């Protein structure tokens with residue numbers, strides 16, 4: 001199978017590229033190499049004869065047409081997106097242009113390719129999205145997001161992803177394009193760009209800096225190890241029913257405070273502070289993000305029952321792997337710390 005992966009130099013996209021190459025697929029990695037991309041993420045995969053890289057922007061329709069014409073993929077896995085909620089608060093325009101207009105361009109380029117190829121039955125356009133499109137949940141373990149949950153996005157980021165989801169479904173209904181959609185919970189793991197919560201906590205802890213937690217730390221997220229997510233995505237694109245949406249969760253709900261305390265305990269064991277104190281002493285509560293959703297939690301019944309997929313690790317196991325990866329790969333994250341906005345407080349609404 002030849003897979004066109006958009007955003008394949010990003011966090012989740014690179015995990016998909018690495019796993020797809022490891023499983024013997026041909027991969028075309030299309031990435032604009034914006035601030036959060038890093039080709040080091042796919043350096044090993046790039047040594048394979050089954051790997052090709054194209055630097056292109058999904059906002060450039062002509063470039064997309066050339067990629068489809070040159071490489072003729074069997075399936076598309078569309079991950080390219082602006083994804084940081086705080087950045088969307090400060091600069092929503094980039095999110096509208098990339099996540100909405102870019103997805104429109106991808107759909108049209110894919111539809112043109114699919115028609116010119118004779119509408120092959122096996123072709124798939126797999127759109128990878130987020131559980132944030134569903135809005136916020138009450139603090140009730142019996143209530144979770146399902147594939148039928150109404151959309152209720154609260155941030156410019158989640159609104160742009162909701163819009164892109166609707167476009168994908170519209171292209172399926174109007175033009176018959178064979179699509180798949182997935183909505184995932186919060187990802188974490190190796191190669192996570194150092195502006196998101198988990199890498200911020202790890203790297204700030206090691207640097208002796210404050211560990212910032214928004215509000216009182218009670219916001220709940222379901223945490224999905226990125227390599228598990230990549231496995232789920234490849235399962236969906238190869239076995240999922242056309243037109244179907246699958247929610248992908250880690251089955252690991254934790255408050256932000258619980259998550260940070262777990263990270264501190266792992267660091268205490270793996271890289272103790274020189275003064276013998278716990279990294280928890282560095283926890284600092286900061287002014288909350290505007291419109292901060294209280295809780296996300298996914299009901300993973302559909303992907304489990306229909307495709308037999310479940311996550312392989314608990315959040316504690318995944319966090320231990322993640323911390324060890326950052327300890328072992330200082331050269332990777334050091335090189336990214338001078339990029340625009342990294343280490344700054346973004347998304348204050350000012």
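The listed residues are 192, 126, and the only one of them that is modelled with pLDDT of 95 or more, under 18 Å from the mean Cα position of the chain (by Cα) and part of a loop (DSSP other than H, G, I, E, B) turns out to be 192. Filter region 1-18 for residues that are under 20 Å from the mean Cα position of the chain (by Cα) and either assigned to a loop (DSSP other than H, G, I, E, B) or closer than 15 Å to residue 47 by Cβ (or both) and give the result. Selection gives 7, 8, 9, 10, 14, 17, 18.
The requirement of being surrounded by 20 or more Cβ atoms within 10 Å (Cβ to Cβ) and within 17 Å of residue 180 (Cα to Cα) is satisfied by residue 79. All of 283, 248, 266 fail the test of being closer than 25 Å to residue 322 by Cα and under 17 Å from the mean Cα position of the chain (by Cα), apart from 248.
Among the residues of region 333-349, is any farther than 29 Å from residue 179 by Cα, free of Cβ contacts under 8 Å to residues at least 12 places away in the same chain and assigned to a helix (DSSP H, G or I)? Yes, region 333-349 contains at least one residue that is farther than 29 Å from residue 179 by Cα, free of Cβ contacts under 8 Å to residues at least 12 places away in the same chain and assigned to a helix (DSSP H, G or I).
Selection of first residues in region 210-225 that are more than 30 Å from residue 16 (Cβ to Cβ) and of second residues that are assigned to a loop (DSSP other than H, G, I, E, B), restricted to Cβ pairs under 7 Å at least 6 apart or on distinct chains, gives the following pairs, ordered by first then second residue: 215/288; 215/292.
The set of residues in region 66-89 that are over 12 Å from residue 30 (Cα atoms) and part of a helix (DSSP H, G or I) comprises 69, 70, 85, 86, 87, 88, 89.
Quick check: is even one residue across region 147-156 within 20 Å of the chain's Cα centre (by Cα), closer than 20 Å to residue 36 by Cβ and in a helix (DSSP H, G or I)? Yes, region 147-156 has at least one match. Among the residues making up region 203-229, those that are surrounded by fewer than 17 Cβ atoms within 10 Å (Cβ to Cβ) and more than 27 Å from residue 247 (Cβ to Cβ) are 207, 208, 209, 210, 216. Just give me the residues in region 25-62 being under 13 Å from residue 191 (Cβ atoms), surrounded by 17 or more Cβ atoms within 10 Å (Cβ to Cβ) and touching a helix residue (DSSP H, G or I) at 6+ places or on another chain (Cβ under 7 Å), in sequence order. Answer for region 25-62, where residues must be under 13 Å from residue 191 (Cβ atoms), surrounded by 17 or more Cβ atoms within 10 Å (Cβ to Cβ) and touching a helix residue (DSSP H, G or I) at 6+ places or on another chain (Cβ under 7 Å): 41, 42, 45. Counting only helices (runs of 4 or more DSSP H) that sit completely within region 238-330, those holding 3 or more residues that are at pLDDT 95 or above, in contact with a helix residue (DSSP H, G or I) (Cβ under 8 Å, 6 or more places away or on another chain) and over 30 Å from residue 90 (Cα atoms) correspond to 256-270, 315-328. Residues that are within 19 Å of residue 233 (Cβ to Cβ), surrounded by 15 or more Cβ atoms within 10 Å (Cβ to Cβ) and over 19 Å from the mean Cα position of the chain (by Cα) within region 302-329 comprise 302, 304, 307, listed in sequence order.
Let's see how each residue does on (1) exposed (fewer than 15 other Cβ atoms within 10 Å of the Cβ); (2) touching a helix residue (DSSP H, G or I) at 6+ places or on another chain (Cβ under 9 Å); (3) at pLDDT 95 or above; (4) part of a helix (DSSP H, G or I):
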site	(1), (2), (3), (4)
96	no, yes, yes, yes
101	no, no, yes, yes
108	no, yes, yes, yes
118	yes, no, yes, no
139	yes, no, no, no
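The values are calculated or read from the model by the stated rules, or taken from the named source; none is laboratory data. Because the structure is predicted, anything quoted here is derived from the model rather than measured. Don't worry about glycine lacking a Cβ; one is built from the backbone with ideal geometry, like all the others, and counts go over all protein chains shown.
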